Amino acid sequence: LLISNSTGPLHLAVALGCKVIGLYPPRADCLPDRWGPYGHPEWAITPDLQICQKCMPSENSPCRCMEEISPDQVYTKALELIGL
């Protein structure tokens, strides 16, 4: 099981048959609808927020959207994916 943001390693892991959990910001051009784990939209976690206009990748953004994804959410999804 790989836990990652939407990056090349996440997509390579899916292509190799590995289960993944992808973490995605609520930004229109980063949503898992387009960039999520191919064939497995249920493996993506996005904060339950409206589209954020403050999320700025590669910048020191004042946005804290990703902090809305709790470790418990990721842990619960991981247990679900590994069958526990």
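The values are calculated or read from the model by the stated rules, or taken from the named source; none is laboratory data. On a predicted model such as this, the values are computed, not experimentally measured, just so you know. Cβ: placed from backbone, ideal geometry, glycine included. Neighbour counts: every protein chain shown. Accessible surface is based on the protein model in full, side chains and every heavy atom, while ligands, DNA and RNA are left aside. Shrake-Rupley method; radii C 1.70, N 1.55, O 1.52, S 1.80 Å.
Build a GNM of the chain with springs between Cα atoms under 10 Å: which of 41, 32, 71 gets the top mean-square fluctuation?
Highest fluctuation among the options: 71.
If one takes the longest principal axis of the Cα atoms in the chain, at what angle in degrees, from 0 to 90 and to the nearest 10, does the Cα axis of helix 71-82 lie?
Tilt of helix 71-82: around 30 degrees.
In what sequence, largest accessible area first, do 21, 82 appear using a 1.4 Å probe?
Sorted by accessible area, descending: 82, 21.
Using the Cα centre as the reference, give the magnitude of the dipole from point charges on the C-beta atoms of the chain (Lys, Arg: +1; Asp, Glu: -1; all else neutral), rounded to the nearest 20 debye.
160
So which GluC sites (Glu not before Pro) in region 1-83 pass both tests, a DSSP loop state and at most 10 other Cβ atoms within 10 Å of the Cβ?
In loop regions of region 1-83 (DSSP not H, G, I, E or B), the sparsely surrounded GluC sites (Glu not before Pro) are 59.
How high is the relative contact order of the chain? Use alpha-carbon pairs under 8 Å, at least six apart in sequence, and give a whole percent.
With pairs under 8 Å counted, the relative contact order is 25 percent.
Where Lys and Arg each count +1 and Asp and Glu each count -1, what net charge lies around residue 70 among other residues with Cβ under 12 Å from its Cβ?
In short, -3.
The chain: longest stretch without exposed trypsin sites (Lys or Arg not before Pro) (DSSP loop, at most 14 other Cβ within 10 Å), sites themselves excluded?
It works out to 1-53.
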